[in-house]
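S.K.: Quick one: structure below, then a few questions.
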Amino acid sequence: MERTTITIPEDLLKRLRLLAAERRTSMAALIREALEEKSASYRPKPKSLGIGASGHRDTARRSAEERPEPRPWR
């Protein structure tokens, strides 16, 4: 295990101390548990090459209706 330092607001620290005392556990164990729960639901976004990632939902329809200005070849 590695050590780390975090900065949290005073009111959150008080609530953590109370909760840890009620559960008869350490604050470190309580924080580890909360971090485990939070990170368990994390799903990384799939990596994309950018193909089809225009950010618009109507790209196919618009591409049939609109034609881009041709680029100058020079």
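The values are calculated or read from the model by the stated rules, or taken from the named source; none is laboratory data. Not measured: the values here are computed from a predicted model. All Cβ positions, glycine included, derive from the backbone under ideal geometry; neighbour counts span all protein chains shown.
S.K.: Only one of Thr59, Thr25 is surrounded by 10 or more Cβ atoms within 10 Å (Cβ to Cβ), modelled with pLDDT of 95 or more and more than 22 Å from the chain's Cα centre (by Cα); which? Show your work before the answer.
M.R.: On the way: Thr59 fails: modelled with pLDDT of 95 or more.
Checking each option against the conditions leaves just Thr25.
S.K.: What pairs come out if I take residues in the stretch 50-74 that are part of a helix (DSSP H, G or I) and pair them with residues that are of a type in the set (Gly, Ala, Ser) and modelled with pLDDT under 70 whose C-beta lies under 7 Å away, six or more apart or interchain?
M.R.: Taking only residues 6 or more apart or on different chains, not a single pair turns up.
S.K.: Quick one: is Ala64 at pLDDT below 95, surrounded by 10 or more Cβ atoms within 10 Å (Cβ to Cβ) and of a type in the set (Gly, Ala, Ser)? Steps first, answer last, please.
M.R.: Values: at pLDDT below 95: yes; surrounded by 10 or more Cβ atoms within 10 Å (Cβ to Cβ): no; of a type in the set (Gly, Ala, Ser): yes.
Spelling it out, it is not the case that Ala64 is at pLDDT below 95, surrounded by 10 or more Cβ atoms within 10 Å (Cβ to Cβ) and of a type in the set (Gly, Ala, Ser).
S.K.: Starting from the stretch 20-37, keep only residues that are farther than 15 Å from Met1 by Cβ, then list their pairs with residues that are loosely packed, with under 12 Cβ neighbours inside 10 Å and of a type in the set (S, T, N, Q) whose Cβ atoms are within a distance under 8 Å, requiring at least 6 positions of separation or different chains.
M.R.: Ala20/Ser26
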